[in-house]
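These notes are about the structure you will find just below.
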Amino acid sequence: MLTDSFGRTIRYLRVSVTDRCNLFCRYCRLSTEEILPNNKEILDFDELVRLLRIFLELGIERIRLTGGEPLLRRNLVGLVRTVSRLPGLQELTLTTNALLLERYAAALQAAGLRRVNISLDSLDPDIFDTITRREGAAPTPGTGLPAVLAGIAAAIRVGLHPVKVNMVVMRGINDHEIPAMVLFAQQQGVLLRFIETMPIGEAGVGMTDHFMPAEEILARIHHHFGSQLLPATADKDAGPARYFSRAGTEAAIGVISARSQHFCSSCNRMRLTAKGNLVYCLGRQDRMDLKSLLRTGASDAELKTAIRAAVDLKPERHAFAMQEGATPHSAIHAAMSALGG
Ligand code: SAM
């Protein structure tokens, strides 16, 4: 079992399988950020599987594959097939922008994937393109918002249940779409979660002026629909989300308020970047370079010692408030695209 120095048991690992992404969301990446091809810096298939086996032996129970955009990783279906069969794994899930999900959903499900979280910040094609910096892109079939909607439909069809849709709410950009998103989720039968912008990386810090707290998001829903929001237990793996349902409806609505109401005391997760760094906390710089250990011939026992040492270093809480005080230039924290969200 992996227990940190504050008594929290770490059971959940988020694994970024690539730094590359096919979108350039404004709160996540800078427009100047280069998209590098997968190269030797990224853990290869065997290194990744070995590390995940070791994490599971140490007590990790749930693994979420993320990115960059995980569906861009070559042979992701093969990785899912191998990882889903590792002893000790209780659940394998994926976070994706769903642009390529229509193509892969059935194969991923057959390979052992259980659930997907899909990021969708707007139902308006123009706003979608603005947020993801696709403005000016030709409305080619199979790209942009239509591709994401087709990906969501495919996930529902193949039973990657419950499909969760995550919307990052930005004041003045997409906050007017909150009610439309509630209705969309209700019609589709997906679990909707509203996420506060987090000041992570220069792009995230740059969103500070558009921050909208979860309580205001909930108040908007209450005001728009005129119905009370009652606490709900919609999700056995709620993690950091708090759920509510509108009186008279079944559909649950989640909010993830990393900034306005941090949930660090119940944090049960760590993150492995595509380059093999183990990150203890989303809101901190510290990390353990597991790739160097792997590539200099460390034994399983040595890797386990390093992972335990990393767990010991997990801080009590994130330092988002500190980063907001920083100017964008001094916000040296790695971008969310590298951390995997
Ligand atoms: N490409 C995949 C996707 O779009 O879901 C996986 C990676 S993405 C970095 C994971 C999640 O992080 C997405 O839901 C995204 O909206 C969220 N995210 C990225 N930067 C963020 C920020 N500054 N604040 C809040 N959420 C952020």
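Here, each number is a calculation from the coordinates, and none is a lab measurement. Because the structure is predicted, anything quoted here is derived from the model rather than measured. Note that each Cβ is placed from the backbone with ideal geometry, even for glycine, and that neighbours are counted across all protein chains shown.
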For the residue pair Thr296 and Asp124, what label-to-label distance in nm results when each label sits 7 Å from Cα along the Cα-to-beta-carbon direction?
-> 5.3
Can you count the Lys pairs in the range 12-338 with C-alpha separation below 16 Å, eight or more apart or on different chains?
-> 6
Sparsely packed chymotrypsin sites (Phe, Trp or Tyr not before Pro) within the range 1-96, loop by DSSP, other Cβ within 10 Å at most 16 | Phe6
In a Gaussian network model over the chain where Cα atoms closer than 10 Å are linked, find which of Ser257, Ser299, Ser119 has the largest mean-square fluctuation.
-> Ser299
May I ask for the distance between the Cα centers of the range 100-144 and the range 205-254, given as a whole number of Å?
-> 23
Could you run the Karplus curve 6.51 cos²θ - 1.76 cosθ + 1.60 with θ = phi - 60° over the range 142-148 and give me ³J(HN,Hα) per residue in whole Hz, x for Gly and Pro?
-> x, 10, x, 3, x, 5, 5
Considering the chain as a Gaussian network with a 10 Å cut-off on Cα pairs, which listed residue, Thr18, Thr82, Thr32, attains the greatest mean-square fluctuation?
-> Thr32
How long is the gain from Gln285 to Arg103 if the chain were fully straight, where each residue apart is worth 0.36 nm and the alpha carbon distance is subtracted?
-> 61.9 nm
At 222 nm, what helix-only mean residue ellipticity would the chain give, in deg cm²/dmol to the nearest 500, using -39500 (n - 2.57) for each DSSP H run of four or more?
-> -9500 deg cm²/dmol
Which of these, Pro240, Pro87, Pro146, has the largest mean-square fluctuation under a Gaussian network model of the chain (Cα springs below 10 Å)?
-> Pro87
Per-bin percent of Cα-Cα distances, the range 12-338 [20 Å] = 31, 62, 7, 0
Relative to the Cα centre, what is the charge dipole magnitude of the range 66-157, using +1 at the beta carbon of each Lys and Arg, -1 at the beta carbon of each Asp and Glu, and rounding to the nearest 20 debye?
-> 620
Which trypsin sites (Lys or Arg not before Pro) from the range 163-262 combine a DSSP loop assignment with at most 11 other Cβ atoms within 10 Å?
-> Lys236
Per DSSP, the loop-located GluC sites (Glu not before Pro) within the range 49-149 having at most 12 other beta carbons within 10 Å are Glu135
More than 16 Å apart: what percent of Cα pairs in the range 10-64 qualify?
-> 55
In nanometres, the difference between 0.36 nm per residue of separation and the alpha-carbon distance of Ser266 and Ala247 is 4.0 nm
Of the residues Phe184, Ala247, Val83, the Cα lying farthest along the dipole of the chain towards its positive end, which is defined by charges on the beta carbon of Lys, Arg, Asp and Glu, belongs to Val83
Extending each Cα 7 Å along its Cβ direction at His222 and Ala138, get the distance between those two points in nm, one decimal.
-> 5.0
